[in-house]
Amino acid sequence: MTQRLRVLAFDLLLIIVGSLLYAVSTVVFSAPNHIAPGGVTGVAILTQYAWSLPIGTVTIALNIPLILAGWRRLGRRFLIRTGAGLLLSSVFTDLLDTLLPAYQGDRLLVCLFGGAICGLGLGLILMRGGTTGGSEIAGRLLELRFPHVPIGKLVLAVDGVVIAVSGVVYKQLDSVLYGVLFAFVSSLVTDWLIYGGRRGKMALILTDRQEEVTALITQELERGVTLLPAVGGYTGTQRQMILCAVRREEVHALKRMVFRLDKQAFFITVPTDEVHGAGWLPPQE
């Protein structure tokens, strides 16, 4: 098996594990305890409660219009990765719903452990280039309409609406409060796992194989690269530093390709709140 196939197999393995964890969180913790932690999955949980519809199947059905709406605007590669994560997590959700017992104990423990498992699963999926669709697609589509609003706030707004509606469906204010806590814990674990903000990362790379690293970034990640003149403060050596903006789910792939070529490379990532330009946010008007 070639190196590329091994990496692909490992990526797929982690996406499968992440999808399993995400499904476990849904069928064991959130759904049985009347907690809809936002997003399309939250809507699907509410439909199961109201009409006994399968969560995974409804999740796929609700994501289809979002995927079609974003096919040209968000890029084919992003949506293909989204489709993979969405399909796996949805299939596992419906499968495990018939196999695993529900935990219906202390709802605070549900939020802590269920939220942590959800965040861990989502983090693994994002780290390997996938997503579960839903809020992230909706947030990015809304971002095109409201470019002055950070995408993190747009995603939060989408989740907030679903959590608020859950209080009406379940007729319990507690469901809203626990939904907020569940989503908060999940977000903390996800961000901790993938070491990324909601917008992206700026990478600064010093390497003796600058031309090869630049070629890999532009060809494999399809990201633009800027070369900055740099001088070593101690040695006085002149060289070029690579500057590249990537999304949070692309950081792992970027780091992997850099150190595959040069194990002595110097690699720095800096959180970025917003990135404007080709392949990112449109210029603000």
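The values are calculated or read from the model by the stated rules, or taken from the named source; none is laboratory data. From a predicted model like this one, the values you see are computed outputs, not experimental measurements. No Cβ is skipped: glycine too gets one built from the backbone with ideal geometry, and neighbour counts run over all protein chains shown. Remember, those area values only see protein heavy atoms, side chains included, never the ligands or the DNA or RNA. Shrake-Rupley method; radii C 1.70, N 1.55, O 1.52, S 1.80 Å.
A Cβ distance below 6 Å, combined with a sequence gap of six or more or placement on separate chains, defines the contacts here; from the range 22-51, residues that are free of Cβ contacts under 8 Å to residues at least 12 places away in the same chain reach no residue that is of a type in the set (S, T, Y) and open to solvent by 20 Å² or more (accessible area, probe 1.4 Å). Residues that are at pLDDT 85 or above and open to solvent by 60 Å² or more (accessible area, probe 1.4 Å): does the range 188-203 have at least one? Scanning the range 188-203, I find no residue that is at pLDDT 85 or above and open to solvent by 60 Å² or more (accessible area, probe 1.4 Å), so the answer is no.
Going by what's in this entry, would I67 be described as modelled with pLDDT of 85 or more and under 21 Å from I137 (Cβ atoms)? Judged against the criteria, I67 is not a match. Going by the conditions given, is L66 open to solvent by less than 70 Å² (accessible area, probe 1.4 Å), assigned to a helix (DSSP H, G or I), within 18 Å of C118 (Cβ to Cβ) and of a type in the set (A, V, I, L, M)? No.
Residues in the range 77-134 that are acidic (D, E) and either touching a residue at least 24 places away in the same chain (Cβ under 8 Å) or not in a loop (DSSP other than H, G, I, E, B) (or both): D94, D97. Considering the range 40-54, the residues that are among the polar types (S, T, N, Q) and open to solvent by less than 30 Å² (accessible area, probe 1.4 Å) include one that is modelled with the highest pLDDT, namely T47. Taking the condition at pLDDT 90 or above, open to solvent by 30 Å² or more (accessible area, probe 1.4 Å) and not β-branched (V, I, T), does K263 pass? Yes; evaluated as a whole, the condition is true for this residue. Taking the numbered list (1) out of contact with any Gly (no Cβ under 8 Å at 6 or more places or on another chain); (2) closer than 24 Å to L177 by Cα in turn, R73 passes all entries but (2).
With respect to being out of contact with any Gly (no Cβ under 9 Å at 6 or more places or on another chain), open to solvent by 40 Å² or more (accessible area, probe 1.4 Å), closer than 18 Å to G130 by Cβ and modelled with pLDDT of 90 or more, I16 fits the description. Scanning the range 19-39 for residues that are open to solvent by less than 20 Å² (accessible area, probe 1.4 Å) and either within 18 Å of I163 (Cα to Cα) or touching a strand residue (DSSP E or B) at 6+ places or on another chain (Cβ under 6 Å) (or both) gives S25, T26, V27, S30, A31, N33, I35, A36, G38, G39. Only residues that are under 16 Å from I80 (Cβ atoms) and either touching a Phe, Trp or Tyr at 6+ places or on another chain (Cβ under 6 Å) or hydrophobic (A, V, I, L, M, F, W, C) (or both) were counted in the range 49-69, giving 6. Close Cβ contacts (under 9 Å, 6 or more residues apart or on different chains) running from residues in the range 239-262 that are over 20 Å from E136 (Cβ atoms) to residues that are acidic (D, E) and part of a helix (DSSP H, G or I) comprise M257/E220; L261/E212; D262/E212. For the range 207-227, which positions are touching a residue at least 24 places away in the same chain (Cβ under 8 Å) and either touching a strand residue (DSSP E or B) at 6+ places or on another chain (Cβ under 9 Å) or exposed (fewer than 11 other Cβ atoms within 10 Å of the Cβ) (or both)? If the condition is that a residue be touching a residue at least 24 places away in the same chain (Cβ under 8 Å) and either touching a strand residue (DSSP E or B) at 6+ places or on another chain (Cβ under 9 Å) or exposed (fewer than 11 other Cβ atoms within 10 Å of the Cβ) (or both), then T207, D208, Q210, V213, T214, I217, L221, R223, G224 are the ones that fit. Given (1) at pLDDT 90 or above; (2) open to solvent by 20 Å² or more (accessible area, probe 1.4 Å); (3) not in a helix (DSSP H, G or I), identify the lone condition not met by R73. Unmet condition: (1). Scanning the range 239-256 for residues that are within 17 Å of L122 (Cβ to Cβ), open to solvent by 20 Å² or more (accessible area, probe 1.4 Å) and touching a strand residue (DSSP E or B) at 6+ places or on another chain (Cβ under 7 Å) yields R247, R248. Looking across L87, L141, one residue alone is at pLDDT below 95, of a type in the set (A, V, I, L, M) and open to solvent by 60 Å² or more (accessible area, probe 1.4 Å). It is L87.
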